[in-house]
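Peer 1: This is the structure I have questions about; it appears just below.
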Amino acid sequence: MASYDLIVIGSGPGGYVAAIRASQLGMKVAVVERESLGGICLNWGCIPTKALLKSAQVYEYISHAQDYGVKVDGFSPDFSKMVSRSRATADKMSKGINFLFRKNKIDVLEGEGKLTKKKTVSVTKDGKSEEHSAKHIMVATGARSRELPNIPMDGEKVFGYRKAMVLDKQPKSMIVVGAGAIGCEFAYFYNTIGTKVTLIEYMDQIVPVEDEEISKELAKIYKKQGIEVMTGTAVESVDTSGKGVKAKVKDKKGKEHTIEADVLLSAAGISPNTENIGLEDLGIKTEKGRIEVDEFYRTSVPGVYAIGDIVNGPALAHVASAEGIICIEKIAGMNPEPIDYNNLPGCTYCWPEIASVGYTEKAAKEAGYDIKVGKFPFSASGKASAAGANQGFVKVIFDAKYGEWLGAHMIGANVTEMIAEVVAARKLETTGHEIIKSVHPHPTMSEAVMEATAAAYGEVIHL
């Protein structure tokens with residue numbers, strides 16, 4: 001039995017970041033991992049999906065090369081090469097975590113981690129178990145695709161996001177169930193390279209957590225791209241007995257349809273990995289499968305902590321990382337500031353991209369704010385026009401009384417690289433007038449943030 005200051009169960013973007021921060025603060029650290037370092041995010045989520053999306057974007061560029069005065073003959077998507085590039089990118093990033101662990105003298109315990117009654121961690125691999133003790137234990141086991149009872153996954157014709165990244169061949173047609181970030185990203189990827197995609201969402205809008213105007217804009221763009229978008233639609237059952245998949249659906253008017261495709265991707269959310277990790281043995285409190293924690297991620301049992309997708313809050317990599325750092329700094333006796341969960345950016349990497357932070361217009365009104373709203377379309381942006389990327393807009397929301405920046409919502413090329421300005425400005429309690437007077441470089445896409453703010457205050461120049 002080895003003894004540590006901290007054992008982290010799970011090496012995703014929550015666990016590995018927490019482990020490195022703990023090592024920086026002088027702790028002796030071990031991380032338990034049953035698969036590859038970096039967890040789902042690096043190996044099967046954030047990173048490899050972005051590699052696939054980039055391949056689709058490059059293909060789209062070449063398809064429209066003539067618009068830029070470039071002649072290209074005889075090109076086609078090489079699906080297997082796209083997949084292998086994606087996997088190589090993920091492998092490289094995972095090896096990078098290995099390097100960081102060696103650099104920070106962090107031990108890797110390979111196997112399944114489980115909390116025991118003695119408040120130690122049992123690690124099981126190939127049927128053999130070892131116990132390790134620690135003053136502090138952090139659970140960062142992440143989540144997996146949620147399996148809906150009416151859409152059972154067989155891993156061949158019906159599958160989750162993980163299988164969607166490594167299919168043997170490109171399907172001619174695909175049904176995507178769930179139009180959150182994962183569903184919309186895969187719908188864009190497969191549609192762009194030539195698969196006929198039907199996108200089904202139970203809620204009344206795609207990307208349901210976004211501002212309504214953003215959702216409407218993406219739906220309009222997707223339909224123009226050839227994606228069939230069905231909102232307010234429930235999947236009643238799935239039949240895989242024939243050659244492909246037949247999905248029986250009920251639309252918002254109560255009418256039933258049967259949709260046929262080669263395969264079906266179920267992207268209807270995630271389930272936290274909290275089963276069989278010893279929570280019950282220690283009496284750690286959970287609610288609806290998620291671990292209950294305080295603002296510094298302490299569970300109901302002293303010395304045991306939980307972060308990331310297994311606690312309440314948005315299931316996002318950057319959120320898990322921030323939670324891990326705050327938790328470790330609190331353990332180390334520092335005085336970290338709790339996370340402001342209303343100032344966390346969300347990004348969807350379809351094309352055009354979506355990025356947002358803070359209140360939607362509807363939520364701001366419901367919270368009782370008197371608001372000023374400004375919008376600036378990329379069709380009025382010189383940089384966007386020069387780049388041939390003038391779809392979308394920036395929308396900003398301010399409190400009319402004090403000028404507080406309540407929210408920002410963007411859809412357009414590379415907007416995921418622009419949202420951090422808003423997050424930092426809101427953290428610094430910046431007002432609308434301060435943004436208008438902050439000189440933005442020209443020509444850039446980021447000018448649209450200043451212009452949208454000016455529009456909110458009746459000072460916009462380029463509209």
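The values are calculated or read from the model by the stated rules, or taken from the named source; none is laboratory data. Everything numeric in this text was worked out from a predicted model, so none of it was measured. All Cβ positions, glycine included, derive from the backbone under ideal geometry; neighbour counts span all protein chains shown. With ligands, DNA and RNA removed, areas are computed over all heavy atoms of the protein, side chains included. Shrake-Rupley method; radii C 1.70, N 1.55, O 1.52, S 1.80 Å.
Peer 1: Restricting to region 1-23, give me the number of residues that are modelled with pLDDT of 95 or more, surrounded by fewer than 24 Cβ atoms within 10 Å (Cβ to Cβ) and farther than 28 Å from T416 by Cβ.
Peer 2: 3
Peer 1: I'd like to know if region 361-376 contains one or more residues that are in contact (Cβ under 8 Å) with a residue 24 or more places away in the chain, within 30 Å of L52 (Cα to Cα) and touching a Gly at 6+ places or on another chain (Cβ under 9 Å).
Peer 2: No, region 361-376 contains no residue that is in contact (Cβ under 8 Å) with a residue 24 or more places away in the chain, within 30 Å of L52 (Cα to Cα) and touching a Gly at 6+ places or on another chain (Cβ under 9 Å).
Peer 1: Give the residue, chosen from S80, S86, S55, that is among the small types (G, A, S), open to solvent by 60 Å² or more (accessible area, probe 1.4 Å) and under 21 Å from L167 (Cβ atoms). Outline the logic, then answer.
Peer 2: Numbers: S86 fails: open to solvent by 60 Å² or more (accessible area, probe 1.4 Å); S55 fails: open to solvent by 60 Å² or more (accessible area, probe 1.4 Å).
Exactly one residue qualifies, and that residue is S80.
Peer 1: Out of curiosity, is K118 of a type outside the set (A, V, I, L, M), farther than 22 Å from I325 by Cα and not in a helix (DSSP H, G or I)? Walk me through it before giving the result.
Peer 2: On the way: of a type outside the set (A, V, I, L, M): yes; farther than 22 Å from I325 by Cα: yes; not in a helix (DSSP H, G or I): yes.
Yes: the conditions hold for K118.
Peer 1: Same structure, new question: Looking at (1) in a loop (DSSP other than H, G, I, E, B); (2) closer than 30 Å to A363 by Cα; (3) not small (G, A, S), which is the only condition I277 fails?
Peer 2: For I277, the exception is condition (2).
Peer 1: Ok, one more. Consider S94 carefully, then state whether it is out of contact with any Lys or Arg (no Cβ under 9 Å at 6 or more places or on another chain) and in contact (Cβ under 8 Å) with a residue 40 or more places away in the chain. Please lay out each step first, then the result.
Peer 2: Working: out of contact with any Lys or Arg (no Cβ under 9 Å at 6 or more places or on another chain): yes; in contact (Cβ under 8 Å) with a residue 40 or more places away in the chain: yes.
When the stated conditions are applied, S94 passes them.
Peer 1: Go through (1) of a type in the set (K, R); (2) open to solvent by 50 Å² or more (accessible area, probe 1.4 Å); (3) farther than 30 Å from K28 by Cα one by one and return the number of the condition K330 breaks.
Peer 2: (3)
Peer 1: Among the residues of region 173-196, is any outside any helix (DSSP H, G or I) and acidic (D, E)? Working first, answer last.
Peer 2: Step one: filter region 173-196 for residues outside any helix (DSSP H, G or I), giving 173-180, 193-196.
From the residues that got through so far, the ones that are acidic (D, E) too are none.
Looking for residues that are outside any helix (DSSP H, G or I) and acidic (D, E), one finds none in region 173-196, hence no.
Peer 1: Out of the residues in region 126-155 that are open to solvent by 70 Å² or more (accessible area, probe 1.4 Å), touching a residue at least 24 places away in the same chain (Cβ under 8 Å) and out of contact with any helix residue (DSSP H, G or I) (no Cβ under 8 Å at 6 or more places or on another chain), which is nearest to M27 (Cα to Cα)? If you could, list the steps in order and put the result at the bottom.
Peer 2: Of region 126-155, the ones open to solvent by 70 Å² or more (accessible area, probe 1.4 Å) are 126-130, 135, 144, 146-147, 149, 152, 154.
Then keep just the ones that are touching a residue at least 24 places away in the same chain (Cβ under 8 Å); that gives 130, 135, 144, 146-147, 152, 154.
After this cut, where a residue has to be out of contact with any helix residue (DSSP H, G or I) (no Cβ under 8 Å at 6 or more places or on another chain) as well, the list is 130, 135, 146-147, 152, 154.
On the way: E130: 21, K135: 10, R146: 36, E147: 39, P152: 44, D154: 44 Å.
The extreme case among them is K135.
Peer 1: If you don't mind, there's one more thing I want to ask. Looking at A268, A320 in this structure, which one is buried (at least 20 other Cβ atoms within 10 Å of the Cβ), touching a Gly at 6+ places or on another chain (Cβ under 7 Å) and in a loop (DSSP other than H, G, I, E, B)?
Peer 2: Numbers: A320 fails: in a loop (DSSP other than H, G, I, E, B).
Step by step, each of A268, A320 is checked, and only A268 is buried (at least 20 other Cβ atoms within 10 Å of the Cβ), touching a Gly at 6+ places or on another chain (Cβ under 7 Å) and in a loop (DSSP other than H, G, I, E, B).
Peer 1: I need the full set of residues from region 301-317 which are within 20 Å of S145 (Cβ to Cβ), assigned to a loop (DSSP other than H, G, I, E, B) and among the aliphatic types (A, V, I, L, M), in order please.
Peer 2: Our first condition is that a residue be within 20 Å of S145 (Cβ to Cβ); within region 301-317, this holds for 308-317.
After this cut, where a residue has to be assigned to a loop (DSSP other than H, G, I, E, B) as well, the list is 311-316.
Those that are within 20 Å of S145 (Cβ to Cβ), assigned to a loop (DSSP other than H, G, I, E, B) and among the aliphatic types (A, V, I, L, M): V311, A315, L316.
Peer 1: Just for helices (runs of 4 or more DSSP H) wholly inside region 353-463: which have at least 3 residues that are small (G, A, S) and under 27 Å from the mean Cα position of the chain (by Cα)? First the steps, then the outcome.
Peer 2: Details: elements: 361-366, 382-387, 419-427, 432-436, 447-456.
Passing ranges, in order: 419-427.
Peer 1: Oh, and also: For the subset of region 197-238 comprising residues that are in contact (Cβ under 8 Å) with a residue 60 or more places away in the chain, outside any loop (DSSP other than H, G, I, E, B) and hydrophobic (A, V, I, L, M, F, W, C), which member is most open to solvent (accessible area, probe 1.4 Å)?
Peer 2: That would be V238.
Peer 1: Within the set of pairs 6 or more residues apart or between chains, which connect a residue that is charged (D, E, K, R) inside region 239-265 to a residue that is in a strand (DSSP E or B) and exposed (fewer than 12 other Cβ atoms within 10 Å of the Cβ) with Cβ atoms less than 8 Å apart?
Peer 2: Going by the 8 Å Cβ cut-off, the qualifying pairs are K246/T258; K248/E256; K248/T258; K250/E256.
Peer 1: I would also like to ask the following. For R162, which of the numbered conditions (1) open to solvent by 30 Å² or more (accessible area, probe 1.4 Å); (2) in a loop (DSSP other than H, G, I, E, B) fails to hold?
Peer 2: Result: R162 fails condition (2) only.
Peer 1: Residues being closer than 9 Å to V311 by Cα and outside any loop (DSSP other than H, G, I, E, B): count how many of those fall in region 288-300.
Peer 2: Residues that pass the stated criteria total 2.
Peer 1: Quick check on this structure: which one of E295, E287, E275, E260 is more than 27 Å from G38 (Cα to Cα), exposed (fewer than 15 other Cβ atoms within 10 Å of the Cβ) and over 17 Å from the mean Cα position of the chain (by Cα)? Spell out how you get there, then give the answer.
Peer 2: Values: E295 fails: more than 27 Å from G38 (Cα to Cα); E287 fails: more than 27 Å from G38 (Cα to Cα); E275 fails: more than 27 Å from G38 (Cα to Cα).
That would be E260, the only listed residue that is more than 27 Å from G38 (Cα to Cα), exposed (fewer than 15 other Cβ atoms within 10 Å of the Cβ) and over 17 Å from the mean Cα position of the chain (by Cα).
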